[in-house]
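Participant: Submitted below is the structure of interest, expressed as structure tokens.
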Amino acid sequence: MDDTDNFIQAGVTILKTLAAAYSHPENYKVLSWNDELYHRVTKPEPLPFDGQNMDETVAEAIQTIFSGYCNVSHPQYYGYISPRPLPVSVLGDLLAMGLNQTPGAWRAGPAATAIETETLHWLSEFIGYHTPSGNLPNGIVTNGGTMANASALKLARDTLLGREVQSKGVRSANKPTIYMSREGHFSVWKSLDFLGLGRESLRLIEIDEQGCIDLNALEDTIQRDLRQGYQPICLIGVAGTSATGAVDALDTLADVAAHHNMWFHVDGAAGGAYANLAETRQFFTGIERADSVTLDPCKWFFVSFGIGCLLVKNGEELRKSFYATGHYWEETDELDIFQMSFSGTRQWRTLGLWLAFRHLGEQGYKRILSHNLKVTHDLAATVIATDVLELLHKPVLPVCCFRVGQIKSPDTVTMAIQRFLVASNHYVTLLDWRGHHYLRAAISNFATESSHVYELVQTILTYLDTNYDT
Ligand SMILES: Cc1ncc(COP(=O)(O)O)c(C=O)c1O
């Protein structure tokens, strides 16, 4: 066989493997691993000296992956908003990687640059954010929500502290402060450290009963900081907390940010997609007033890991903040996206998402989002209908948190249930909420049906009946 035949044969093996993983996810447990695999973390196998043929190599990779497989395609996977990817998006990823195009600069990938810009435009329209103004894209694609949040904080820093900060660095005299609810994502602390603003510049504001930022506590903290000579530069509204899916009062936060002349950033990494849906849109009112919005399409846009984005009102802001060049780079009038973000050459991660938008259309996406929300509401209703389980909050987004209530040592029992569920093939995570354990189920697989969540609750009830006096 020549190289082309080998490539096609190995490629067909890969596609058949993916097709089987999607059509028969029940062939694998929700989580599998073995000790031998774990051993390789600290004792990697030796560097191969001689090569082997493509077929054998691909077969070996497939065998290894399924020996340590987190089965996000399984309908009973309720883990960390890690979706079963849409098959069409997977094909897009393959095509983009296979042809090795980059959207970093027009001359390095004209089609990649055009499709990426179009995808950013669609994302923005999908969530009801600004339509692009000017000649530059209305945002950037990043490798995830963390880098999108870091980029937003850099925009806030550079805009509010003055452009000088870009050349001279942050001076201790600046005393900038940033505000976010204590349910906001840890990527923000990491970013503040990374940007030289320091983790202590972050004010983590108390939350209300629903897990949203407490507006009185926010105002009190800002006033105290102003009295002490700090400069509030950024307010972050969380549109879907990672833990419970709570959405802050964005419209009010936009008022607060405007009043105190702060950059208003919305971290919609987890929940942003739900700004589109009629059932949930009201929670996102005010997102259109944000200076920047983070989205993570590898969550409820159902594409594979490794794609986040930051949307802005005007791409010029990004260029002012990130512009850099080298003497080997001929400056022309063409679009060079690498001058708008921290990344240089990077993977083209938007083709899969672009194909998904084309293939499903906005309507198709709405159907999936709505389906996942309905399954979540069915889970919440089933929990409420039991005598022994209690909800943390009524779900706003497809995240449902609950625990065993009327029992001795509810935290110990809830933890035991979670261990039992994972062992019995229901991947539910454990949430620590104000010192108490809750079961957390995120519905991020569009193949999860209400029947699956009924079975989840039934499994818990049977376990409790068998092991405890309830
Ligand atoms: C609200 C929120 N912000 C930011 C992030 C960070 O995104 P990533 O893990 O893609 O870097 C997450 C991740 O789960 C998140 O839920």
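The values are calculated or read from the model by the stated rules, or taken from the named source; none is laboratory data. Remember, predicted model here, so these are calculated numbers, not experimental data. Counting neighbours? That spans all protein chains shown, and the Cβs are built from the backbone with ideal geometry, glycine included. Accessible surface areas use protein heavy atoms only, side chains included; no ligands, DNA or RNA. Shrake-Rupley method; radii C 1.70, N 1.55, O 1.52, S 1.80 Å.
Participant: Limited to the stretch 88-113, what total is found for residues that are in a helix (DSSP H, G or I) and either charged (D, E, K, R) or surrounded by 15 or more Cβ atoms within 10 Å (Cβ to Cβ) (or both)?
Facilitator: Of the residues in that region, 13 qualify.
Participant: Name the one entry in Phe322, Phe305 that is within 16 Å of the ligand (Cβ to nearest atom), at pLDDT 95 or above and not β-branched (Val, Ile, Thr).
Facilitator: Phe305
Participant: Which of the residues spanning the stretch 382-395 are over 17 Å from Tyr78 (Cβ atoms), assigned to a loop (DSSP other than H, G, I, E, B) and open to solvent by 30 Å² or more (accessible area, probe 1.4 Å)?
Facilitator: Matches in the stretch 382-395: Asp387, Lys394.
Participant: Only one of Leu195, Leu235 is touching a residue at least 24 places away in the same chain (Cβ under 8 Å), under 24 Å from the mean Cα position of the chain (by Cα), closer than 18 Å to Leu155 by Cβ and open to solvent by 20 Å² or more (accessible area, probe 1.4 Å); which?
Facilitator: Checking each option against the conditions leaves just Leu195.
Participant: Something else: Taking only the stretch 53-87 into account, find how many residues are touching a residue at least 40 places away in the same chain (Cβ under 8 Å) and part of a loop (DSSP other than H, G, I, E, B).
Facilitator: 17
Participant: Output the number of the condition that Asn143 fails; it satisfies all remaining conditions of (1) crowded, with 22+ Cβ neighbours inside 10 Å; (2) within 16 Å of the ligand (Cβ to nearest atom); (3) more than 30 Å from Ser450 (Cα to Cα).
Facilitator: Asn143 satisfies all of (1) crowded, with 22+ Cβ neighbours inside 10 Å; (2) within 16 Å of the ligand (Cβ to nearest atom); (3) more than 30 Å from Ser450 (Cα to Cα) except (1).
Participant: Another question about this same structure. Determine which member of the set Glu118, Glu26 is open to solvent by 50 Å² or more (accessible area, probe 1.4 Å), under 30 Å from His452 (Cα atoms) and acidic (Asp, Glu).
Facilitator: Result of the check over Glu118, Glu26: Glu26.
Participant: Hey, among the residues in the stretch 428-441 that are open to solvent by 20 Å² or more (accessible area, probe 1.4 Å) and touching a helix residue (DSSP H, G or I) at 6+ places or on another chain (Cβ under 8 Å), which one's nearest to Cys401 (Cα to Cα)?
Facilitator: So the residue we want is Tyr438.
Participant: Within the stretch 157-167, is there a residue that is assigned to a helix (DSSP H, G or I), among the β-branched types (Val, Ile, Thr) and away from the ligand (no atom under 15 Å from the Cβ)?
Facilitator: Within the stretch 157-167, one or more residues are assigned to a helix (DSSP H, G or I), among the β-branched types (Val, Ile, Thr) and away from the ligand (no atom under 15 Å from the Cβ).
Participant: Among the numbered criteria (1) among the basic types (Lys, Arg); (2) more than 16 Å from the ligand (Cβ to nearest atom); (3) touching a residue at least 40 places away in the same chain (Cβ under 8 Å), which one does Arg171 miss?
Facilitator: (3)
Participant: Can you pull out every residue in the stretch 273-299 that is buried (at least 19 other Cβ atoms within 10 Å of the Cβ) and farther than 23 Å from Ser82 by Cβ?
Facilitator: Of everything in the stretch 273-299, those that are buried (at least 19 other Cβ atoms within 10 Å of the Cβ) and farther than 23 Å from Ser82 by Cβ turn out to be Gly286, Ile287, Arg289, Ala290, Asp291, Ser292.
Participant: In this structure, is Asn149 under 28 Å from Gly352 (Cα atoms), touching a residue at least 24 places away in the same chain (Cβ under 8 Å) and within 13 Å of the ligand (Cβ to nearest atom)?
Facilitator: Spelling it out, Asn149 is indeed under 28 Å from Gly352 (Cα atoms), touching a residue at least 24 places away in the same chain (Cβ under 8 Å) and within 13 Å of the ligand (Cβ to nearest atom).
Participant: Still on this model: Take the stretch 290-302 and flag every residue that is assigned to a loop (DSSP other than H, G, I, E, B) and either among the acidic types (Asp, Glu) or near the ligand (Cβ under 10 Å from one of its atoms) (or both).
Facilitator: Of everything in the stretch 290-302, those that are assigned to a loop (DSSP other than H, G, I, E, B) and either among the acidic types (Asp, Glu) or near the ligand (Cβ under 10 Å from one of its atoms) (or both) turn out to be Asp291, Asp296, Pro297, Cys298, Lys299.
Participant: Any chance you could count how many residues in the stretch 122-136 are away from the ligand (no atom under 16 Å from the Cβ) and either under 18 Å from the mean Cα position of the chain (by Cα) or modelled with pLDDT of 95 or more (or both)?
Facilitator: Here the count works out to 6.
Participant: So which helices (runs of 4 or more DSSP H) are wholly in the stretch 180-289 and hold at least 1 residues that are within 13 Å of the ligand (Cβ to nearest atom)?
Facilitator: Correct list: 187-194.
Participant: With Ile81, Ile62 as the choices, which residue is among the aliphatic types (A, V, I, L, M), outside the structural domain of Asp296 (by TED's automatic domain parsing) and in contact with a Lys or Arg (Cβ under 6 Å, 6 or more places away or on another chain)?
Facilitator: Ile81
Participant: Pull out all pairs, ordered by first then second residue, where Cβ-Cβ is under 8 Å, the residues are six or more apart or on different chains, the first lies in the stretch 33-52 and is over 25 Å from Asn71 (Cα atoms), and the second is assigned to a helix (DSSP H, G or I) and among the basic types (Lys, Arg).
Facilitator: none
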